[in-house]
Every structure is written in structure tokens, then in C-alpha cells.
There are 4 protein chains.
Amino acid sequence: MTTEPRRAVLGQNQYGKAETRVVRISRNGTTHHLKDLNVSVSLSGDMDDVHLTGSNANVLTTDATKNTVFAFAKEHGIASAEEFGMRLARHFVSSQESIRSARIRVEEYAWDRIGAPDADGARHSFVRAGRETRTAEIHHDGEGWEVVSGLEGLVVLNSTDSEFHGYVKDRYTTLPETRDRVLATEVNARWRYAGTGLDWDASYARAREHLLHAFAATYSYSLQQTLYAMGARVVEHLPEVEEIRLSLPNKHHFLVDLGPFGLKNDNEVYYAADRPYGLIEATVLRDGAEQRIPVHPARP
Amino acid sequence: MTTEPRRAVLGQNQYGKAETRVVRISRNGTTHHLKDLNVSVSLSGDMDDVHLTGSNANVLTTDATKNTVFAFAKEHGIASAEEFGMRLARHFVSSQESIRSARIRVEEYAWDRIGAPDADGARHSFVRAGRETRTAEIHHDGEGWEVVSGLEGLVVLNSTDSEFHGYVKDRYTTLPETRDRVLATEVNARWRYAGTGLDWDASYARAREHLLHAFAATYSYSLQQTLYAMGARVVEHLPEVEEIRLSLPNKHHFLVDLGPFGLKNDNEVYYAADRPYGLIEATVLRDGAEQRIPVHPARP
Amino acid sequence: MTTEPRRAVLGQNQYGKAETRVVRISRNGTTHHLKDLNVSVSLSGDMDDVHLTGSNANVLTTDATKNTVFAFAKEHGIASAEEFGMRLARHFVSSQESIRSARIRVEEYAWDRIGAPDADGARHSFVRAGRETRTAEIHHDGEGWEVVSGLEGLVVLNSTDSEFHGYVKDRYTTLPETRDRVLATEVNARWRYAGTGLDWDASYARAREHLLHAFAATYSYSLQQTLYAMGARVVEHLPEVEEIRLSLPNKHHFLVDLGPFGLKNDNEVYYAADRPYGLIEATVLRDGAEQRIPVHPARP
Amino acid sequence: MTTEPRRAVLGQNQYGKAETRVVRISRNGTTHHLKDLNVSVSLSGDMDDVHLTGSNANVLTTDATKNTVFAFAKEHGIASAEEFGMRLARHFVSSQESIRSARIRVEEYAWDRIGAPDADGARHSFVRAGRETRTAEIHHDGEGWEVVSGLEGLVVLNSTDSEFHGYVKDRYTTLPETRDRVLATEVNARWRYAGTGLDWDASYARAREHLLHAFAATYSYSLQQTLYAMGARVVEHLPEVEEIRLSLPNKHHFLVDLGPFGLKNDNEVYYAADRPYGLIEATVLRDGAEQRIPVHPARP
């Protein structure tokens, strides 16, 4: 009896330059505007040869994709993360026969202005703002578009209006029920748009605002319930959004037992724990929409 | 004309306790053994109520899943990351009617022994070893199993035997071709097993060894070629592996231009860059196998 | 000839619990207030025995110092990072004979309120604010006090009004001179107070404001000049401050060469580099004051 | 009454390029050798003008110091981190009149070879080794030298032979005494050399070995005792070392209470905690030596 030797074949593959840090300054007289992006390019197409034989005949270098990011920032400006990402994706797919699809991932960092205009009315000083990172992921295959925007690292906390009880008690359950706890999380959200001709910055601002509002306004019996309220509010108020995926680590704030010191802790003193943490993840969709945001986000 | 109000519905969802850091010490006389894991539990099932109404009647608490990790480490020991993850997954799915599937993600940290046995033959001193993290991800839905093992952060470098030329030259291409470059990457790999009754630690050691060997032995014309050689070697040498997904950041080492100082850089002095970096990703499969490892890895 | 065996002796030593994460919530009716601190305790005193023989007779456990942080948050509240740190330092030095001095390091994380009060006028929802961390380091030896406050991670950028030229040209100098560059840095500042009976939060806000103002208002010929302007402004406007130590990484924004693509980069497109970075550090003092802030900050 | 306006003056200051990542490859036939360093340069001298007026006439650019790192790697090679740092320091102080002292900080990353030589006897494949970073800090003022070498991030664990009891019990003490605990720490060490004409790599290897040996061999009643044993062993066995500063976070491994699950935890299952952590720091000196290593290490 002979054993057939095992043969390996190539599956899904993609390549590109990750994390090109481009800053674009535009001037309106003495008032400057700033766009601060981290752009990752990922391309797929006829790439069998480069994997199997090392022939680079079909390969646009990752270095060239980086150069394209910088050149496009000059040639076309950066109207928004989404618009910029779409322009890059269209370019790669339409200009290189070997490239069939492009995925552009953008992180955007926010800046506020420092102080009032100076004596000349000039405004060109900035301070990094906020703790969250705005994200946009654009996929284009030459025909269709998929635009998924989002944010990461938006940390929020309710100091009351959160209960947790009525759960399953198995052999390993020791958690006491509570009628008043701190509920804190780091909002990581990605939402998919129905179309493409949007005011992306305005839509982002609205989504962020609705997420914050729903978190604050929900009297919570579980973090799942709060998550759903946040997602549903975005889906119901933004007609341009088809679905939203939320990943919410439960940033536990444990009530410290002060009994040994003869003190009563009346929901005043908490220990903010790092690990382990609950992790609650779900998609909320417009009724009738198709779920297409992958469960796990792209890296980087 | 009236507009139908938009209605939101719940999509895919999962929850659990992430990053429970469990260390298990077992004693064989005065010789101690150590398993050092970071375990994340993620459960799915009949969870509509908790999202829609806040009822926790179907919810096993994430705190209880953490307790289960610790209790199982005592009751069953930790034979391997994979075996431990499978035991946990089976428990959650089989013991709670509302839970239909479980995903267990394990990171394992390696330790070496310090020095020789002491006067009494005792061996209970350890030093953390290696830079890579071993990973295992187990999915179980009450019937089938999926076991994906891997490693992250294995940094390797070839100081020669790497060329890069013959690529597409578009308007934005400025990279000079090279016949001798440094090729360095951080190996991030996940491989899926055909079955479950394995010596997991031995299989991991073999996969790691083949990855290193293929990286070192491949005369490279592109990182894609090296990637494929690494993946194919694992698939061809490990009959238990169906597919492997590799994500290889190109850790660029740029030759420093010493010309301005009147010096010639004969492939001696390099600048190790951080960002941006090329990112090459692909799956290599056994011919006939189905590609099931998701493109992007789970977090955490 | 015989060689005297070398003998080791104990030098400066300190110990304590680092990074106790305490969150204090206080209620004014339905309006809640939040203090979010990371407290590190470091104690010195008669600790020869514990090092030389392992006798713990003089050792207050680090666990007890952690408990004290939590208990004091209940018993005394947290008026400010500085006041809280002073209370802790006084306690450890005055209550334990073996402890001669205490150093308390506090990091404070800022939170903003989310939205307007709800229907009941309740205000108990928060979002983490800003990117900088406020710091306070208190040293007390039973008699004197040293209070050094500061901030870390305040990232700022001027998109013009920065030149760099006229520097030394040695054999290794290749940098072209410039009359218009982006100047960006991450402000890390520590300032020492002359006394202790202060409105600490107000003083912090003023220092932060003056740092931002001086950064924005200085037409800069070097980052050193900007640093000095920032430090001098704090020293000159805050009579309570004796000296300030600034550590400013030059977050280089390099103008991208777009010439190869037939494009002119008129100070529009920059590459934000990570490493290497210039690092400019200096102390600015009130004329007549003594320099006492150590060159390198304490960890953690 | 009039108030004298407050006047600011410049205190201690320094500047340079931080974190230049230089990799030097040298070839001995087909066997390659690799040095992988992260070099930070910090210079002091006649720098009043640049701070007070922005004149750069005395300023060697940080860019030129970076170039010097690369050029010296070519011109002189990298025999060791210490030798390379000394050469750089001497250059800056001796070649620029305005520069009076230089501090060079080097991090070194270790690599192992992959596998055996190939068919041609070639050896040019490497894998990053170990978790610790070797450090060297050189200070030179034109006359004297100070060389402080060290390591960071060496994580070690004893699974027994550690007790902790007999400590002070104050009102806030709740920790139970123990006769058998896990003792784990991350060794961060810096040692100062008496002279300069040494085999630096051999001395580093000896120091590391003695630290590991003393950690493993000490039956411990406190982490302070273990720290002292480690430091004393280095001082007593390395005649070239004057003093050593150790900073040891107590990486707590807490025994998990399995009682609620009807299980007994016989020192088998531990929870590896992140924060807070004990932090034990001390200097050990050769009897008669002067303590000169600063309490807190330089950054970066």
C-alpha cells in the first residue's frame, strides 16, 4: 500500500502596506486644517505566481501603495477618511489588471484647536483630542462597495442605574446579585453603510452621539441590554446604516470590602480591575438587512 | 406618503469572560511543572431575552465561566492548551441548555527551568522563555469540533538569500530593485486540525520547527514566496493539519545611505523601521481541504 | 598575598504597592462626582533586617498599604490627587515607627459628563476625557513636604511658525535648513510647589493652560526655545511653582518628497514618524530657587 | 508695596536623538553575525542661547547624532553595546566645543541562530531570543566615565521555597501569613562598573547568570531578602562591579479559593494578577563603594 503524498495549495491571500501615517495640512488663509490618518492598504488578485514561484510580475510593491497614499493626499486632499479610502481602493483596482479587490483601512486621530485666534487672526495650533480612534474600512472589487465605519476606545461609565440579578446559578456561580452597580465599558463599534454618497463626517458624529446617548439613557439590567439599546438607536436613527457590530468589554468596577476596617462601603469606593473582563459582542441590524460585518475586526 | 419606521433586530452575538490568567503547578516529588495560560471564554445560544429585555434567566455569568476555568484547572489539570479548552467548551455547551456553542481561546506562555537540580534534586525555579505566544482556539457546538492552534510574535531574520525585483512599475513606484536584502518578519500563524485525538504539544513543537526551518531554508524572491514555503511545509509534513493561515508583517530593514559621509554600505548597516510595514497574509491548504480559518483572528 | 573577599552592603531602598486603581464616587443628590486614580506607595525606613535576614518585623505589608488607599478614599474622600497623597504619606510616616519617609505617586484620569441632566435632573454618566494623564508625586519624611505635580501625554502641534536653521554642520550633518516646518510634541511636565496649602485642582488647570498657550503663541526657532517659553510662562504666572521640568519628544513630521510623482509638496503632506525622535529636556526655575526635581521621573 | 516680578532661569538641560534602531551585520565567510541595538543620545553643554533666544549656533542637530550612530556602526563596527556607546560619547564631547557631556543609552536585543549550517556551511538565519532587554548607559564628561549596564524584563518564578509572615499588623492589615507561596518577579537590574577596559559581553553574561542563580537558590522569607541575595551575589562575584540597583515588581500569584466549589487548592491553582503589584527596589554596593546609580532609571 502506498500513501499519496500530501499536496499544498494556495488559499485566500492579500498584501499591502500597513500603517502609513499621513498628515495633511490645508490652509484657508491663516486658518489651517489638519487631517491625521493611519492608512493600511490590502490588495488581492492574481497572486498565485508570487507565492508559488516568487515571480513579482503581477506585484505592485507595498512601497508604491504607500507612495500612492502620500501622492493622493496632495492631489486630491482628504475630504474624509471614507472618501479618501474609496479613492485609493478605486485606483488600485482600476489601474492594475492583476488586482481584483482592495481593502483600505483608515484610523483617524482627532485634534482640537488651542485657544482663540492670535492677533493676525491666525489659527494653526492644535491639541490631540479625545481618547477614541475613528475607523473606516473600505472594500471594493471593481463593482460593489462596502464601507464600514466605526470607533475604538471610547470609554464610558454610569455610576448608577445598573442592576444585575436573576441569572443562572450553576455549581461555579458565586457572584452576588446587585441592585446598584457601576457599569463601565470601552465602546468598540463598526457600522456598515447602505450606500456611498454621504456626508461621512456628519454621519460619524451622529453615530457617536447616539451611542453615547443610548449608553447614558439606558437603565440597565445587563451589559447585553445596554449594547442592544446602543446598536438599535444607531440603526433606528441613521437611515444610512444597515447594521452595527459592538464589542464591549465590561470594565469591572468592584465594590471594595471595607468591612475588615470597620467601614461601610455605600457604593462609594471601587477597585477598577484590568483582567479578566467580561466581553459582550453583538450585531444589531436593520430588520431585513443582511449581516456582513465579520465577527472579528481586521488588523491592523 | 408615510415612511415606515426602521426596526432593529439582533444578529450574531456572543459573550463570556476574557483573559483569565490561570497558572497550574503540579508536583512530581520535588520536581514541579508549570502551565501558564490566559483563557478567554465566549458563549452563544438563546440570548435574545437578555439583549431585548435585560432578563438574565438564560445567562450563565461571565464570573462563573471564570470560576470554571480555575476549578477545572484543579479538577482535571491542564494536559495542554487544546485539551483544556476542549474540556471547557464541552462543559458549557452540555451543562447549560441555553448555550449552543462555545469558543475558548487560550494563550500559553512558555517557561524554562533555571539551572541544574539543587542538592535535594529539587526543581522548582523557572524563567520565562521565548518571545512567541502559543495560541489555541476551540469551537464546539455540541456536535462538531474545530481546533485551531498557532503562535504569535515569533520574530525571524535572514541576513541574505533574499532578492526583490521584477515587480510592476507604476507612476508611484520608486523602490530600487535589490539582489541582496535582509528579510525579517514576525510569524503569526494559525493552523486547523483535521481531528482531535492528538498529542497537541508534540504537534505544536513540530509546526513551530517546520516554520522556522522553511523560513531559514528558502532562498526568497518575495515574502509571499517565503510565506507559501512555510505554510506548505507545515501542511505537507503534518498530516493532522488541514490548513494554515499566516500573517507576516515585513519588518523592513533599510540599508542606510552612508554616501554623504564618504562611506560605502556593503550590506552592513541597516535601519530597523517600525511603520509603515508590508503585511503579507495567506492561507495554505491541503489539496482538497476546505478553507475555514477566518481571515482575521479573534480578539482577544 | 591574599585577596580580601568583597563584601556587599545595602544601599538606598524602598518598597510599597504600585498601581492601586481606586475610583471614588460621591453623590450630591442625583448628581454624581467621580475621582479615578492610580496610586503607588513607596516607603523607606529601618529595613536592613528584611533585606539581610528576611525578618519582616519592621515591614508593613504592601497589601496593607493598598488597603489603606481604599479605606482612606472612604474615610476622607478624595479632594484632589495631591491632598489624598499627602494624607497617605503622613499616615504611613506617623503611624509606623520603622517607616521614615513615604513617596506617593498618583495618576489621575479625567472624565467629562455625557449630555444634559435627564428628566429627574440626574447626572451620573461619564466619558473619559483628554489624552493626558495628570500626575502628582508627594514625598514626606515626617518633617518636610515635597509636592511635584504634572502631566504626561499632552500632544500638541503647530502647523507653521516654526523654523530650524543656523545649527552646527559637522561631517555627519545632512539635515536641510527650513523656514517653515510642523512642530509637534508630547508635553511631559512636572512642576514643584513652594508650599502645600493650595487649591491643587485650580493650580493644575492654570499650569496646563499656560503650557498650551505658550506652545501655541511661541514663534519657534528650536524646540528648546519653545520648551523654555513654556516653562518660563508657568514659573512666571504661578507664584506657587518653584521649578518645572519638561521632557518634550520632537514628534517629527517630515515633508514627503513628492517630486518623483511630478508633484510639488507646498507644506501640505507630512509623514508622522515614530522613531527615532528628538528628545529635548530641561528644567526652568524661579530665579533663586533650588533645582530638586530629578532629571528622570519615578516609575511607575 | 510692590511685588518683584518673578524671573525664570534655565536649569539642567539635555537633548539628543532617542531610539535610533541600528542593525549591524558582519560576515565571517558565510557565517553572519548580528548586532541589534536601540541607541539614544543625550548631550549637554553651552545651550543657554538655544533655549533663551532660539539661536542654534551651538546646536549639533539630533539628526546628525542619529547619522553618527549609523556611520560609526560602519566605520568601527559594534564590538559591544558598551564599547559602541563609549565611542559615541567620546566623539560628541571631543568634537564639539559646545558639548560638555554625553549620555548614551543602548538597548540590545538578542538573537539565536536557527538550525544547523546549511549545505554550504552558511549561517545567516536568526530568531529573536529571550524576553529580557540588555541595557547600557554611558556617561562621559570629557574626563571621567560612568558605565552602567543592566537588563530589563527577565521574568522568573519559584513555585515553592518562599514564605511570608511575621510582618507588622496594623488596622489595615488583612493578608494571611503563608509558609509556602509562589514568588515571581520581573528582574530589572542596573550595575555600575569600576572601570572601562572590560570584556563587556562576558561580564553581562556572568551578571545575568548570578542573578538567576541567586533567585533560584534563595529560600525566601521576603522579596527584599531575595533581592538582596541577588544583588550581593553579583557584587561579590564580579570584582568589576561597584554597585547594583534592582527593581523587582512582585508578580503576585494568588492562590484561588476553590472552597465554594467543594475543592481544596493544595498550592496548585493560582491567579496571576496584573495590578496592583508590590514593588521592591534597592541598591547593593561593594563595601566602601559610593552609591551613584540614580534611584529611577533614565527614559527612554
Open item on the list: On the basis of being open to solvent by 40 Å² or more (accessible area, probe 1.4 Å) and either at pLDDT 95 or above or at the interface with chain D (Cβ under 10 Å from one of its Cβ atoms) (or both), does residue C:30 make the cut?
Closed with: no
Task: Candidate set from the stretch B:290-300 (those that are free of Cβ contacts under 8 Å to residues at least 60 places away in the same chain and touching a strand residue (DSSP E or B) at 6+ places or on another chain (Cβ under 7 Å)); member that is least open to solvent (accessible area, probe 1.4 Å) - done: B:295
Open item on the list: Please go through the stretch D:1-16 and give me each residue that is within 34 Å of the chain's Cα centre (by Cα) and either open to solvent by 10 Å² or more (accessible area, probe 1.4 Å) or more than 7 Å from chain C (Cβ to nearest Cβ) (or both), ordered by number.
Closed with: D:9, D:10, D:11, D:12, D:13, D:14
Open item on the list: Looking only at the stretch A:158-189, filter to residues that are under 16 Å from residue B:60 (Cβ atoms) and among the basic types (Lys, Arg); which one of those is nearest to the other protein chains (Cβ to nearest Cβ)?
Closed with: A:171
TODO: Go over the candidates C:294, C:239, C:300, C:260 one by one and state the one that is in a loop (DSSP other than H, G, I, E, B) and either aromatic (Phe, Trp, Tyr) or touching a Ser or Thr at 6+ places or on another chain (Cβ under 8 Å) (or both).
DONE: C:300
- [ ] Among the residues of the stretch C:263-291, count how many are hydrophobic (A, V, I, L, M, F, W, C), facing chain D (nearest Cβ under 9 Å) and not in a strand (DSSP E or B).
- [x] 1
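Here's the yes/no breakdown for (1) surrounded by fewer than 23 Cβ atoms within 10 Å (Cβ to Cβ); (2) under 17 Å from the mean Cα position of the chain (by Cα); (3) in a strand (DSSP E or B):
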position	(1), (2), (3)
B:173	yes, no, no
B:176	yes, no, no
B:190	yes, yes, yes
B:203	yes, yes, no
B:206	yes, yes, no
B:224	no, no, no
B:234	no, yes, no
B:243	no, yes, yes
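Residue-by-condition table, conditions (1) assigned by TED's automatic domain parsing to the domain that holds residue A:36; (2) out of contact with any Leu (no Cβ under 8 Å at 6 or more places or on another chain):
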position	(1), (2)
A:132	yes, no
A:136	yes, yes
A:156	no, no
A:159	no, no
A:162	no, no
A:165	no, yes
A:172	no, yes
A:176	no, yes
A:180	no, yes
Open item on the list: Restricting to the stretch D:86-117, name every residue that is touching a helix residue (DSSP H, G or I) at 6+ places or on another chain (Cβ under 7 Å) and more than 24 Å from residue D:49 (Cα to Cα).
Closed with: D:87, D:88, D:106, D:108, D:114, D:115
Task: Residue among D:219, D:228, D:270, D:277 that alone is at negative phi and touching a residue at least 60 places away in the same chain (Cβ under 8 Å) - done: D:270
- [ ] Those residues that are open to solvent by 30 Å² or more (accessible area, probe 1.4 Å) and among the polar types (S, T, N, Q), I need them from the stretch C:178-188; list them, please.
- [x] C:178, C:188
Open item on the list: When the residues of the stretch A:98-134 are narrowed to those that are free of Cβ contacts under 8 Å to residues at least 60 places away in the same chain and closer than 18 Å to residue A:20 by Cβ, which ends up surrounded by the fewest Cβ atoms within 10 Å (Cβ to Cβ)?
Closed with: A:133
Open item on the list: Taking the conditions exactly as written (modelled with pLDDT under 95 and either among the acidic types (Asp, Glu) or open to solvent by 10 Å² or more (accessible area, probe 1.4 Å) (or both)), does residue A:197 satisfy them or not?
Closed with: yes
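For the stretch D:85-100, does any single residue satisfy the condition of being among the hydroxyl-bearing types (Ser, Thr, Tyr) and in contact with a His (Cβ under 8 Å, 6 or more places away or on another chain)?
No: the stretch D:85-100 contains no residue that is among the hydroxyl-bearing types (Ser, Thr, Tyr) and in contact with a His (Cβ under 8 Å, 6 or more places away or on another chain).
Test residue B:184 against the criterion of being among the small types (Gly, Ala, Ser) and over 30 Å from residue D:20 (Cα atoms), and give yes or no.
no
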Task: Residue list for the stretch B:57-84, filter: farther than 17 Å from residue D:267 by Cα and either open to solvent by 50 Å² or more (accessible area, probe 1.4 Å) or in contact (Cβ under 8 Å) with a residue 60 or more places away in the chain (or both) - done: B:57, B:58, B:79, B:80, B:81, B:82, B:83
TODO: Check off (1) in contact with a Leu (Cβ under 7 Å, 6 or more places away or on another chain); (2) closer than 21 Å to residue A:127 by Cβ for residue C:265 and give me the number that stays unchecked.
DONE: (2)
Task: Residue in the stretch A:249-262 that is at pLDDT 95 or above, under 30 Å from residue B:249 (Cα atoms) and of a type outside the set (Val, Ile, Thr) present - done: yes
- [ ] Of the numbered conditions (1) more than 7 Å from every other protein chain (Cβ to nearest Cβ); (2) open to solvent by 30 Å² or more (accessible area, probe 1.4 Å); (3) assigned to a loop (DSSP other than H, G, I, E, B), residue C:254 fails exactly one; give the number of that condition.
- [x] (3)
TODO: Confirm whether residue D:81 is touching a helix residue (DSSP H, G or I) at 6+ places or on another chain (Cβ under 8 Å) and either of a type in the set (A, V, I, L, M, F, W, C) or under 28 Å from residue D:189 (Cα atoms) (or both).
DONE: yes
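The values are calculated or read from the model by the stated rules, or taken from the named source; none is laboratory data. It should be emphasised that the depicted structure is a prediction, and the values quoted were computed from it without experimental measurement. Here Cβ is always computed from backbone atoms with ideal geometry, including for glycine, and neighbour counts include all displayed protein chains. The area values use the complete protein model at the heavy-atom level, side chains included, leaving out ligands, DNA and RNA. Shrake-Rupley method; radii C 1.70, N 1.55, O 1.52, S 1.80 Å.
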